[in-house]
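The values are calculated or read from the model by the stated rules, or taken from the named source; none is laboratory data. Values in this document were obtained by computation on a predicted structure and should not be read as measured data. All Cβ positions, even for glycine, are placed from backbone atoms using ideal geometry, and neighbour counts span all protein chains on display.
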Amino acid sequence: MSTPASTVPAGITADTTAANASRALTIGLVGIALTSLGIVVSGAQVIAMSWLVGVTYWTAIAIGMLLLILIHHIFDASWSVLLRRQFEHGLSAFKWLALLFLPLLLASWFGHHDLVWPWMNPAHEIHGGHTVGQDVLYLKKASFLNLNMFTGMTVVFFAIWIWLAARLRKASFTQDADGNAAWTSMSRKTAAFGIPLVALSLTAAAIYWVKSLEYHWFSTMYGVWFFANCVRGALSVGIIITLWLSARGDYKGILNKNHLHSIGQLMLAFTVFWAYVTFSQYFLIWNANVPEETFWYNIREYGDWWWVGMALLFGHFFIPFLALLSYRFKVTPHIIRRIAYWILAVILLDICYNVLPAIKDAHGHPAPFLSIQLLWTATAVIGVGGICAWAYFKSFPSTKLIPIRDPRITECLTHHE
(Lines give C-alpha, C1' and ligand atoms only; values in the text may rest on other atoms or scores of the structure.)
Protein backbone atom coordinates (compact mmCIF):
# COMPACT_ATOMS: atom_id res chain seq x y z
CA MET A 1 0.00 0.00 0.00
CA SER A 2 1.34 3.39 -0.86
CA THR A 3 1.78 5.82 1.99
CA PRO A 4 -0.06 9.13 1.66
CA ALA A 5 2.30 12.06 2.00
CA SER A 6 0.06 13.54 4.65
CA THR A 7 0.73 10.63 7.02
CA VAL A 8 4.13 12.14 7.71
CA PRO A 9 3.72 14.75 10.48
CA ALA A 10 4.45 17.91 8.54
CA GLY A 11 4.21 20.30 11.47
CA ILE A 12 5.90 18.15 14.07
CA THR A 13 9.63 17.74 14.01
CA ALA A 14 11.81 15.95 16.54
CA ASP A 15 12.73 19.32 18.03
CA THR A 16 9.14 20.50 18.50
CA THR A 17 8.09 17.15 19.96
CA ALA A 18 10.98 17.25 22.41
CA ALA A 19 10.10 20.85 23.33
CA ASN A 20 6.47 19.88 23.95
CA ALA A 21 7.57 16.92 26.06
CA SER A 22 9.96 19.09 28.06
CA ARG A 23 7.28 21.73 28.62
CA ALA A 24 4.73 19.13 29.75
CA LEU A 25 7.25 17.53 32.11
CA THR A 26 8.10 20.92 33.64
CA ILE A 27 4.41 21.70 34.19
CA GLY A 28 3.90 18.28 35.74
CA LEU A 29 6.84 18.55 38.13
CA VAL A 30 5.86 22.07 39.19
CA GLY A 31 2.29 20.91 39.86
CA ILE A 32 3.57 17.97 41.92
CA ALA A 33 5.96 20.22 43.87
CA LEU A 34 3.24 22.77 44.66
CA THR A 35 0.89 20.02 45.80
CA SER A 36 3.60 18.63 48.08
CA LEU A 37 4.12 22.05 49.65
CA GLY A 38 0.43 22.09 50.49
CA ILE A 39 1.10 19.52 53.23
CA VAL A 40 2.62 22.33 55.32
CA VAL A 41 -0.32 24.67 54.69
CA SER A 42 -3.37 22.39 54.80
CA GLY A 43 -2.19 19.10 56.27
CA ALA A 44 -1.52 15.62 54.91
CA GLN A 45 -5.14 14.45 54.66
CA VAL A 46 -6.28 17.35 52.51
CA ILE A 47 -3.34 16.91 50.13
CA ALA A 48 -3.80 13.13 49.98
CA MET A 49 -7.46 13.54 49.01
CA SER A 50 -6.56 16.14 46.39
CA TRP A 51 -3.92 13.79 45.04
CA LEU A 52 -6.48 10.98 44.86
CA VAL A 53 -8.70 13.25 42.75
CA GLY A 54 -5.82 14.06 40.37
CA VAL A 55 -4.67 10.47 39.90
CA THR A 56 -8.22 9.09 39.58
CA TYR A 57 -9.16 11.74 37.02
CA TRP A 58 -6.29 11.04 34.63
CA THR A 59 -6.40 7.29 35.18
CA ALA A 60 -10.08 7.36 34.20
CA ILE A 61 -9.21 9.10 30.93
CA ALA A 62 -6.44 6.58 30.20
CA ILE A 63 -8.85 3.69 30.92
CA GLY A 64 -11.34 5.28 28.54
CA MET A 65 -8.70 5.38 25.81
CA LEU A 66 -7.89 1.72 26.43
CA LEU A 67 -11.55 0.74 26.28
CA LEU A 68 -12.19 2.67 23.07
CA ILE A 69 -9.24 0.94 21.38
CA LEU A 70 -10.53 -2.45 22.51
CA ILE A 71 -14.04 -1.62 21.30
CA HIS A 72 -12.57 -0.42 17.98
CA HIS A 73 -10.91 -3.80 17.45
CA ILE A 74 -13.80 -5.97 18.60
CA PHE A 75 -16.14 -4.22 16.14
CA ASP A 76 -13.48 -4.03 13.41
CA ALA A 77 -14.32 -0.34 13.01
CA SER A 78 -12.87 1.72 10.19
CA TRP A 79 -13.69 5.38 10.88
CA SER A 80 -11.84 5.40 14.22
CA VAL A 81 -8.48 4.15 12.91
CA LEU A 82 -6.85 7.61 12.90
CA LEU A 83 -8.20 8.45 16.37
CA ARG A 84 -6.96 5.10 17.66
CA ARG A 85 -3.34 6.03 17.06
CA GLN A 86 -3.55 9.04 19.39
CA PHE A 87 -5.16 6.89 22.06
CA GLU A 88 -2.32 4.38 21.67
CA HIS A 89 0.14 7.14 22.50
CA GLY A 90 -2.02 8.09 25.47
CA LEU A 91 -1.76 4.54 26.86
CA SER A 92 1.93 5.16 27.56
CA ALA A 93 0.83 7.10 30.65
CA PHE A 94 -0.31 4.01 32.57
CA LYS A 95 3.09 3.12 34.01
CA TRP A 96 3.56 6.68 35.21
CA LEU A 97 0.07 6.77 36.72
CA ALA A 98 0.97 3.63 38.66
CA LEU A 99 4.05 5.42 39.99
CA LEU A 100 2.00 8.50 40.87
CA PHE A 101 -0.48 6.34 42.82
CA LEU A 102 2.40 4.97 44.90
CA PRO A 103 2.48 7.86 47.44
CA LEU A 104 -1.07 7.01 48.50
CA LEU A 105 -0.05 3.40 49.12
CA LEU A 106 3.10 4.40 50.99
CA ALA A 107 1.15 6.83 53.17
CA SER A 108 -1.33 4.06 53.99
CA TRP A 109 1.41 1.60 54.88
CA PHE A 110 3.94 3.78 56.67
CA GLY A 111 2.00 6.90 57.68
CA HIS A 112 -1.47 7.26 59.11
CA HIS A 113 -3.30 4.18 57.89
CA ASP A 114 -6.58 6.10 57.80
CA LEU A 115 -5.16 9.19 56.10
CA VAL A 116 -7.43 8.60 53.09
CA TRP A 117 -9.45 5.42 53.66
CA PRO A 118 -10.79 5.25 57.26
CA TRP A 119 -11.36 1.48 57.18
CA MET A 120 -7.60 0.90 56.95
CA ASN A 121 -7.37 1.71 60.68
CA PRO A 122 -9.61 -0.44 62.94
CA ALA A 123 -9.13 2.17 65.70
CA HIS A 124 -10.52 4.99 63.54
CA GLU A 125 -13.40 6.65 65.39
CA ILE A 126 -16.78 6.81 63.67
CA HIS A 127 -20.18 8.11 64.73
CA GLY A 128 -21.57 7.22 68.14
CA GLY A 129 -18.14 6.83 69.74
CA HIS A 130 -17.54 3.48 68.05
CA THR A 131 -14.51 2.48 66.01
CA VAL A 132 -14.19 0.88 62.60
CA GLY A 133 -13.14 -2.37 64.25
CA GLN A 134 -16.43 -2.46 66.18
CA ASP A 135 -18.59 -1.62 63.18
CA VAL A 136 -20.64 -4.58 61.98
CA LEU A 137 -20.89 -3.10 58.47
CA TYR A 138 -17.11 -3.06 58.27
CA LEU A 139 -16.69 -6.53 59.78
CA LYS A 140 -18.90 -7.95 57.03
CA LYS A 141 -16.58 -6.40 54.43
CA ALA A 142 -13.25 -6.86 56.21
CA SER A 143 -12.06 -9.64 53.92
CA PHE A 144 -12.42 -7.22 51.01
CA LEU A 145 -11.56 -3.94 52.70
CA ASN A 146 -8.12 -4.40 54.20
CA LEU A 147 -4.74 -2.89 53.42
CA ASN A 148 -3.18 -6.04 52.00
CA MET A 149 -6.08 -6.67 49.64
CA PHE A 150 -6.24 -3.02 48.64
CA THR A 151 -2.53 -2.96 47.79
CA GLY A 152 -2.59 -6.26 45.93
CA MET A 153 -5.66 -5.34 43.91
CA THR A 154 -4.28 -1.92 42.98
CA VAL A 155 -1.12 -3.62 41.69
CA VAL A 156 -3.30 -6.04 39.71
CA PHE A 157 -5.36 -3.18 38.22
CA PHE A 158 -2.35 -1.33 36.89
CA ALA A 159 -0.68 -4.58 35.76
CA ILE A 160 -3.75 -5.45 33.65
CA TRP A 161 -3.93 -1.98 32.08
CA ILE A 162 -0.18 -1.76 31.40
CA TRP A 163 -0.09 -5.27 29.90
CA LEU A 164 -3.07 -4.72 27.61
CA ALA A 165 -1.71 -1.33 26.55
CA ALA A 166 1.67 -2.89 25.70
CA ARG A 167 0.05 -5.61 23.57
CA LEU A 168 -2.09 -3.14 21.63
CA ARG A 169 0.76 -0.68 21.08
CA LYS A 170 3.15 -3.42 19.94
CA ALA A 171 0.67 -4.84 17.44
CA SER A 172 -0.25 -1.45 15.99
CA PHE A 173 3.25 0.02 15.82
CA THR A 174 4.82 -3.14 14.40
CA GLN A 175 2.16 -3.34 11.70
CA ASP A 176 3.29 0.10 10.49
CA ALA A 177 6.70 -1.45 9.79
CA ASP A 178 5.86 -4.85 8.31
CA GLY A 179 2.24 -4.50 7.16
CA ASN A 180 1.37 -7.97 8.47
CA ALA A 181 -2.41 -8.35 8.89
CA ALA A 182 -1.77 -10.89 11.66
CA TRP A 183 -1.23 -7.96 14.03
CA THR A 184 -4.82 -6.89 13.46
CA SER A 185 -5.95 -10.41 14.34
CA MET A 186 -3.82 -10.28 17.49
CA SER A 187 -5.41 -6.98 18.51
CA ARG A 188 -8.88 -8.43 17.97
CA LYS A 189 -8.05 -11.40 20.20
CA THR A 190 -6.65 -9.00 22.81
CA ALA A 191 -9.94 -7.10 22.68
CA ALA A 192 -11.96 -10.30 23.18
CA PHE A 193 -10.47 -10.97 26.61
CA GLY A 194 -9.36 -7.39 27.29
CA ILE A 195 -12.85 -5.85 27.44
CA PRO A 196 -14.10 -8.04 30.34
CA LEU A 197 -10.75 -7.62 32.11
CA VAL A 198 -10.92 -3.84 31.88
CA ALA A 199 -14.62 -3.79 32.80
CA LEU A 200 -13.97 -5.78 35.98
CA SER A 201 -10.80 -3.93 36.92
CA LEU A 202 -12.19 -0.42 36.43
CA THR A 203 -15.25 -1.34 38.50
CA ALA A 204 -13.15 -2.72 41.33
CA ALA A 205 -10.79 0.27 41.13
CA ALA A 206 -13.68 2.73 41.41
CA ILE A 207 -15.04 0.85 44.43
CA TYR A 208 -11.67 0.54 46.18
CA TRP A 209 -10.31 4.00 45.46
CA VAL A 210 -13.41 6.19 45.64
CA LYS A 211 -16.57 4.44 46.82
CA SER A 212 -14.84 2.89 49.86
CA LEU A 213 -13.99 6.36 51.19
CA GLU A 214 -17.44 6.01 52.79
CA TYR A 215 -17.61 2.26 53.14
CA HIS A 216 -21.11 2.20 54.65
CA TRP A 217 -22.55 3.23 51.31
CA PHE A 218 -24.03 0.73 48.86
CA SER A 219 -24.38 1.22 45.12
CA THR A 220 -24.51 -1.45 42.44
CA MET A 221 -24.12 1.12 39.66
CA TYR A 222 -20.89 2.75 40.78
CA GLY A 223 -18.62 0.97 38.31
CA VAL A 224 -20.94 1.88 35.43
CA TRP A 225 -20.89 5.54 36.52
CA PHE A 226 -17.09 5.43 36.48
CA PHE A 227 -17.08 3.72 33.07
CA ALA A 228 -19.26 6.49 31.60
CA ASN A 229 -16.85 9.16 32.82
CA CYS A 230 -13.85 7.17 31.53
CA VAL A 231 -15.19 7.03 27.98
CA ARG A 232 -16.51 10.62 27.96
CA GLY A 233 -13.15 11.90 29.16
CA ALA A 234 -11.22 9.89 26.55
CA LEU A 235 -13.46 11.07 23.70
CA SER A 236 -13.06 14.70 24.81
CA VAL A 237 -9.28 14.42 24.98
CA GLY A 238 -9.33 12.68 21.59
CA ILE A 239 -11.23 15.59 20.04
CA ILE A 240 -8.80 18.12 21.52
CA ILE A 241 -5.71 16.24 20.29
CA THR A 242 -7.22 15.61 16.85
CA LEU A 243 -8.15 19.25 16.31
CA TRP A 244 -4.75 20.39 17.60
CA LEU A 245 -3.01 18.19 15.04
CA SER A 246 -5.42 19.35 12.35
CA ALA A 247 -4.74 23.02 13.13
CA ARG A 248 -1.01 22.36 12.74
CA GLY A 249 -1.58 20.87 9.30
CA ASP A 250 -0.64 17.33 10.29
CA TYR A 251 -4.09 15.92 9.50
CA LYS A 252 -4.46 17.77 6.22
CA GLY A 253 -6.24 15.48 3.77
CA ILE A 254 -6.94 12.95 6.55
CA LEU A 255 -9.46 14.40 8.98
CA ASN A 256 -12.89 15.32 7.65
CA LYS A 257 -16.22 16.45 9.07
CA ASN A 258 -17.53 12.90 9.12
CA HIS A 259 -14.84 11.88 11.61
CA LEU A 260 -15.81 14.75 13.89
CA HIS A 261 -19.48 13.87 13.52
CA SER A 262 -18.84 10.25 14.49
CA ILE A 263 -16.86 11.26 17.57
CA GLY A 264 -19.58 13.76 18.47
CA GLN A 265 -22.24 11.07 18.18
CA LEU A 266 -20.35 8.91 20.68
CA MET A 267 -19.97 11.91 22.99
CA LEU A 268 -23.74 12.43 22.82
CA ALA A 269 -24.45 8.73 23.42
CA PHE A 270 -22.30 8.57 26.54
CA THR A 271 -23.72 11.86 27.81
CA VAL A 272 -27.16 10.24 27.78
CA PHE A 273 -25.68 7.05 29.26
CA TRP A 274 -24.09 8.96 32.16
CA ALA A 275 -27.41 10.68 32.88
CA TYR A 276 -29.29 7.38 32.79
CA VAL A 277 -26.87 5.69 35.19
CA THR A 278 -26.65 8.64 37.57
CA PHE A 279 -30.41 9.21 37.68
CA SER A 280 -31.07 5.50 38.19
CA GLN A 281 -28.62 5.38 41.10
CA TYR A 282 -30.18 8.42 42.77
CA PHE A 283 -33.77 7.30 42.16
CA LEU A 284 -33.25 3.76 43.48
CA ILE A 285 -31.54 5.04 46.63
CA TRP A 286 -34.19 7.73 47.19
CA ASN A 287 -37.02 5.28 46.60
CA ALA A 288 -35.62 2.59 48.92
CA ASN A 289 -34.87 5.18 51.63
CA VAL A 290 -32.37 2.94 53.42
CA PRO A 291 -30.19 4.98 55.83
CA GLU A 292 -27.00 3.13 54.81
CA GLU A 293 -27.54 4.46 51.29
CA THR A 294 -29.29 7.81 51.64
CA PHE A 295 -26.65 9.35 53.93
CA TRP A 296 -24.25 9.63 50.96
CA TYR A 297 -26.57 12.06 49.20
CA ASN A 298 -27.65 13.76 52.42
CA ILE A 299 -24.16 15.01 53.21
CA ARG A 300 -23.83 16.24 49.63
CA GLU A 301 -26.88 18.40 50.09
CA TYR A 302 -25.12 20.24 52.91
CA GLY A 303 -23.63 23.71 52.42
CA ASP A 304 -22.24 24.56 48.99
CA TRP A 305 -22.17 20.90 47.93
CA TRP A 306 -25.85 21.25 47.02
CA TRP A 307 -24.84 23.75 44.34
CA VAL A 308 -22.16 21.36 43.09
CA GLY A 309 -24.88 18.72 42.66
CA MET A 310 -26.99 21.17 40.69
CA ALA A 311 -23.96 22.10 38.56
CA LEU A 312 -23.49 18.42 37.73
CA LEU A 313 -27.14 18.00 36.82
CA PHE A 314 -27.07 20.82 34.29
CA GLY A 315 -23.38 20.86 33.36
CA HIS A 316 -22.87 17.12 33.03
CA PHE A 317 -26.07 16.43 31.14
CA PHE A 318 -28.38 19.21 29.93
CA ILE A 319 -25.77 21.59 28.49
CA PRO A 320 -23.64 19.03 26.55
CA PHE A 321 -26.76 17.04 25.60
CA LEU A 322 -28.47 20.03 23.99
CA ALA A 323 -25.23 21.17 22.34
CA LEU A 324 -24.39 17.75 20.90
CA LEU A 325 -27.85 17.35 19.39
CA SER A 326 -26.76 19.84 16.73
CA TYR A 327 -25.00 18.47 13.66
CA ARG A 328 -23.35 21.84 13.09
CA PHE A 329 -21.93 21.93 16.60
CA LYS A 330 -20.45 18.44 16.20
CA VAL A 331 -18.63 19.25 12.95
CA THR A 332 -17.51 22.82 13.72
CA PRO A 333 -13.99 22.52 15.20
CA HIS A 334 -14.01 25.46 17.63
CA ILE A 335 -17.47 24.51 18.97
CA ILE A 336 -16.85 20.79 19.48
CA ARG A 337 -13.51 21.68 21.10
CA ARG A 338 -15.28 23.91 23.63
CA ILE A 339 -17.79 21.16 24.34
CA ALA A 340 -14.89 18.76 24.95
CA TYR A 341 -13.25 21.18 27.41
CA TRP A 342 -16.58 21.62 29.16
CA ILE A 343 -17.08 17.87 29.54
CA LEU A 344 -13.56 17.42 30.92
CA ALA A 345 -14.23 20.16 33.48
CA VAL A 346 -17.50 18.63 34.70
CA ILE A 347 -15.96 15.15 34.89
CA LEU A 348 -13.36 16.62 37.23
CA LEU A 349 -16.16 18.27 39.23
CA ASP A 350 -17.95 14.92 39.37
CA ILE A 351 -14.88 13.18 40.80
CA CYS A 352 -14.47 15.99 43.35
CA TYR A 353 -18.14 15.50 44.28
CA ASN A 354 -17.45 11.83 44.95
CA VAL A 355 -14.14 12.22 46.79
CA LEU A 356 -13.82 15.48 48.70
CA PRO A 357 -16.95 15.32 50.94
CA ALA A 358 -15.23 12.37 52.66
CA ILE A 359 -13.25 15.04 54.56
CA LYS A 360 -15.55 15.89 57.47
CA ASP A 361 -15.46 18.16 60.49
CA ALA A 362 -16.14 17.12 64.09
CA HIS A 363 -19.90 17.29 63.47
CA GLY A 364 -19.76 14.97 60.46
CA HIS A 365 -20.31 17.77 57.95
CA PRO A 366 -18.23 17.71 54.75
CA ALA A 367 -15.54 20.34 54.27
CA PRO A 368 -16.80 23.22 52.08
CA PHE A 369 -16.27 22.85 48.36
CA LEU A 370 -15.17 26.48 48.03
CA SER A 371 -12.07 26.23 50.20
CA ILE A 372 -8.30 26.19 49.85
CA GLN A 373 -8.56 22.49 49.03
CA LEU A 374 -9.63 23.50 45.52
CA LEU A 375 -6.18 25.03 45.03
CA TRP A 376 -4.41 21.79 45.94
CA THR A 377 -6.84 19.77 43.82
CA ALA A 378 -6.01 22.02 40.88
CA THR A 379 -2.25 21.66 41.37
CA ALA A 380 -2.64 17.87 41.70
CA VAL A 381 -4.67 17.63 38.49
CA ILE A 382 -2.16 19.85 36.66
CA GLY A 383 0.79 17.89 38.05
CA VAL A 384 -0.53 14.45 37.09
CA GLY A 385 -1.84 15.79 33.77
CA GLY A 386 1.58 17.23 32.93
CA ILE A 387 3.19 13.82 33.41
CA CYS A 388 0.53 12.16 31.24
CA ALA A 389 1.07 14.77 28.50
CA TRP A 390 4.83 14.20 28.75
CA ALA A 391 4.30 10.45 28.27
CA TYR A 392 2.14 11.17 25.19
CA PHE A 393 4.74 13.46 23.60
CA LYS A 394 7.53 10.97 24.36
CA SER A 395 5.56 8.27 22.56
CA PHE A 396 4.42 10.44 19.64
CA PRO A 397 7.58 10.29 17.44
CA SER A 398 7.98 6.53 17.90
CA THR A 399 5.73 5.70 14.94
CA LYS A 400 3.62 7.14 12.12
CA LEU A 401 0.95 9.78 12.60
CA ILE A 402 -1.75 7.27 11.61
CA PRO A 403 -1.70 3.45 11.21
CA ILE A 404 -0.68 3.55 7.54
CA ARG A 405 -0.83 -0.25 7.02
CA ASP A 406 -3.98 -1.00 8.95
CA PRO A 407 -6.31 -3.04 6.68
CA ARG A 408 -9.10 -0.46 7.18
CA ILE A 409 -7.04 2.70 6.71
CA THR A 410 -8.47 3.40 3.23
CA GLU A 411 -12.02 3.17 4.56
CA CYS A 412 -11.03 5.49 7.38
CA LEU A 413 -9.58 8.15 5.09
CA THR A 414 -12.73 8.06 2.94
CA HIS A 415 -15.13 7.86 5.87
CA HIS A 416 -18.63 9.11 5.19
CA GLU A 417 -21.80 9.13 7.25
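Values as computed for the structure displayed
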| item | result |
| --- | --- |
| I69 vs. criteria in a helix (DSSP H, G or I), at pLDDT 95 or above, closer than 14 Å to C388 by Cβ and under 22 Å from the mean Cα position of the chain (by Cα) | no |
| Criterion violated by A269 - all others in (1) over 30 Å from Y215 (Cα atoms); (2) touching a residue at least 24 places away in the same chain (Cβ under 8 Å) satisfied | (2) |
| Complete set of residues in region 322-369 that are out of contact with any strand residue (DSSP E or B) (no Cβ under 7 Å at 6 or more places or on another chain) and β-branched (V, I, T) | V331, T332, I335, I336, I339, I343, V346, I347, I351, V355 |
| Leading residue by the ranking (farthest from S371 (Cα to Cα)) among those in region 308-320 that are touching a residue at least 40 places away in the same chain (Cβ under 8 Å) and either loosely packed, with under 15 Cβ neighbours inside 10 Å or in contact with an Asp or Glu (Cβ under 8 Å, 6 or more places away or on another chain) (or both) | H316 |
| Test: residue in region 346-356 that is touching a Gly at 6+ places or on another chain (Cβ under 7 Å), closer than 30 Å to F173 by Cβ, at pLDDT 95 or above and not basic (K, R) | yes |
| Residues of region 151-194 satisfying the condition of being among the aliphatic types (A, V, I, L, M), surrounded by 19 or more Cβ atoms within 10 Å (Cβ to Cβ) and within 23 Å of the chain's Cα centre (by Cα) | I160, L164, A165, L168, A191 |
| Unique match (being out of contact with any strand residue (DSSP E or B) (no Cβ under 9 Å at 6 or more places or on another chain) and more than 30 Å from S236 (Cα to Cα)) among G90, G111 | G111 |
| Residue ID - surrounded by the most Cβ atoms within 10 Å (Cβ to Cβ), chosen from residues in region 248-299 that are of a type in the set (V, I, T) and closer than 26 Å to F314 by Cβ | T271 |
| Index of the failed condition, F369 passing every other in (1) crowded, with 18+ Cβ neighbours inside 10 Å; (2) in a helix (DSSP H, G or I) | (2) |
| Region 163-186: number of residues that are assigned to a helix (DSSP H, G or I) and either aliphatic (A, V, I, L, M) or under 30 Å from Y222 (Cβ atoms) (or both) | 11 |
| Residue satisfying condition, being buried (at least 17 other Cβ atoms within 10 Å of the Cβ), over 30 Å from G28 (Cα atoms) and of a type in the set (V, I, T), within set I351, I404, I343, I339 | I404 |
| Count of region 204-233 residues which are closer than 29 Å to Q134 by Cβ, at pLDDT 95 or above and of a type in the set (V, I, T) | 2 |
| Checklist (1) over 30 Å from D15 (Cα atoms); (2) buried (at least 20 other Cβ atoms within 10 Å of the Cβ); (3) among the hydroxyl-bearing types (S, T, Y) applied to T379, failing item | (1) |
| Matching helices (runs of 4 or more DSSP H) fully within region 313-362 where at least 2 residues are under 23 Å from S212 (Cα atoms) | 333-355 |
| Filter result (touching a residue at least 24 places away in the same chain (Cβ under 8 Å) and either of a type outside the set (A, V, I, L, M, F, W, C) or buried (at least 20 other Cβ atoms within 10 Å of the Cβ) (or both)) within region 195-209 | V198, S201, L202, T203, A205, Y208, W209 |
